[in-house]
Every structure is written in structure tokens, then in C-alpha cells.
Amino acid sequence: METTVYNPQKGRLETVEVEFTRDNTTWFRQCSNADDISMITDLDGDMLISESGYAYPLRVPDTSRADIGYDRKKASQLRRQYE
């Protein structure tokens, strides 16, 4: 599915083809705020961090879910680093 993401390396939005599957995505439950991380997805050597609200997913370069231990808090720290 085509998804618009924010790429901080390029400083702009871009459209990428991504398939959200059980093999490449970790979903997090109990999102009570719009800025809570709802999922992290591996994408071509990068990682997408998606919030539960309407913000565009953030594309974090050269990072995978395994690199951060599939951890929501570490994903949140990365998001703050690249915002």
C-alpha cells in the first residue's frame, strides 16, 4: 500500500510502498494519546515509527525493530531525536 511518510534525511514527505505484515511490523496496544506510538515497521533497511493519531509515520534511517529490541520506549526516544 502506498503510504506517505516523513523522511528527516531529506526534510520532506515522500510516498513509499509498504506492506504492514506480522513479519515486518510490531503493533502496540493501549494507545490513549494521539502521539502514542502505535506501531513500528521495518522498511528497506529503515524503520517507520507510526503514532496513533493522524501524524505521518517517521522514517528512521539505518535502524530496524531488532536494533531497538522491539521496544516502544526506545522508538519514542528515536522519534524525539529525529523530530
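Each value in this text was obtained by applying a stated rule to the coordinates, not by laboratory testing. Only a predicted model underlies this, so the values are computations on that prediction, with no experimental measurement involved. All Cβ positions, even for glycine, are placed from backbone atoms using ideal geometry, and neighbour counts span all protein chains on display.
Kindly evaluate L78 against the criterion of being in contact with a helix residue (DSSP H, G or I) (Cβ under 8 Å, 6 or more places away or on another chain) and crowded, with 18+ Cβ neighbours inside 10 Å. It is true that L78 is in contact with a helix residue (DSSP H, G or I) (Cβ under 8 Å, 6 or more places away or on another chain) and crowded, with 18+ Cβ neighbours inside 10 Å. Looking at the structure I just gave you, is Y56 closer than 19 Å to S76 by Cα, out of contact with any helix residue (DSSP H, G or I) (no Cβ under 7 Å at 6 or more places or on another chain), buried (at least 16 other Cβ atoms within 10 Å of the Cβ) and touching a residue at least 24 places away in the same chain (Cβ under 8 Å)? No: the conditions fail for Y56. Given (1) under 12 Å from the mean Cα position of the chain (by Cα); (2) not in a helix (DSSP H, G or I), where does L78 come up short, assuming only one miss? The single condition L78 does not satisfy is (2).
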